[in-house]
Amino acid sequence: MSERTLVLVKPDGVARGLVGEVLKRIETKGYKLVALELRTLDRATAESHYGEHADKPFFKDLVDFITSAPLVAAVIEGNEAISGWRNMMGATNPLNAAQGTIRGDLATEMQNNVSHGSDSPESAAREIALFFPNL
Ligand code: IDP
Ligand code: MG
């Protein structure tokens, strides 16, 4: 079933020049880009985006990180895009992410793991509306 999901190339990925690498994987896989923007997040948007983690010990550092520099936000569309993109990213901790995945190939640290993807249809709808309210 065709669905949409939110993709972020996080500030570490943008700073390291990995936007092209990530977008190339998305396009080569066969997903369609339906929105794409370079943006520096404000704190309120970041705290809303990561609201499910508000009580975690890493929350403040995570919000500091995600607002620290520009990121790339995108919406991609395709068959089973939510789980498909999660599979392409690999495990949250790059040390556990398989080779061949974005985090497995391109990252070494849990926080600075290059990319984000929505984890369910509900979070995809919420996150897409947060980043691209006009979509
Ligand atoms: P996900 O990005 O794979 O969905 P989540 O558990 O939703 O993983 O965590 C959101 C983001 O918060 C992660 O991608 C990572 O950047 C950061 N994060 C998660 N757990 C930790 C941790 O234990 N220490 C530091 N940062 C973390
Ligand atoms: Mg998550």
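Given the DSSP H assignment, sum -39500 (n - 2.57) over each helix run of at least 4 residues in the chain and divide by its residue total; what's the result at 222 nm in deg cm²/dmol, nearest 500?
Here the helix-only value at 222 nm equals -11000 deg cm²/dmol.
Tell me which chymotrypsin sites (Phe, Trp or Tyr not before Pro) from region 52-110 have a DSSP coil assignment and no more than 13 other beta carbons within 10 Å of their own.
58
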Worksheet, complete the sentence: So the carbon and sulfur contribution to the accessible area of the chain, 1.4 Å probe, in percent, is 53 percent
Discussion item. 7 Å from Cα along Cα→Cβ at both residue 91 and residue 134: what's the point-to-point distance in nm?
Written reply: 4.2 nm
Worksheet item: Normalised by the number of residues in region 1-72, what is the relative contact order in percent for Cα pairs under 8 Å and 6+ residues apart?
Response: 51 percent
Worksheet entry | Rounded if a/c under 1.5, otherwise prolate or oblate - region 1-42, Cα gyration tensor axes | oblate
Worksheet item: To the nearest 0.05, what FRET efficiency results for residue 48 and residue 28 with a Förster distance of 41 Å applied to their C-beta separation?
Response: 0.85
Discussion item. Which of the three applies to region 43-135, rounded, prolate or oblate, going by the alpha-carbon gyration tensor with a ≥ b ≥ c and a/c under 1.5 meaning rounded?
Written reply: oblate
Fill in: DSSP-assigned coil residues among GluC sites (Glu not before Pro) in region 85-129, each with at most 14 further Cβ atoms within 10 Å
109
Discussion item. Keeping every protein chain present and rolling a 1.4 Å probe, give me the accessible area per residue for the chain in Å².
Written reply: 50 Å²
Response to the item:
For region 53-59, Karplus-derived ³J(HN,Hα) couplings (6.51, -1.76, 1.60; θ = phi - 60°; whole Hz; x for glycine and proline) come out as 9, 4, 9, 7, x, 8, 4
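The values are calculated or read from the model by the stated rules, or taken from the named source; none is laboratory data. Source: prediction; values computed, not measured. In this analysis, Cβ positions are derived from the backbone assuming ideal geometry, glycine residues included, and neighbour counts consider all displayed protein chains. These accessible areas exclude ligands, DNA and RNA; they are computed on the full protein's heavy atoms, side chains included. Shrake-Rupley method; radii C 1.70, N 1.55, O 1.52, S 1.80 Å.
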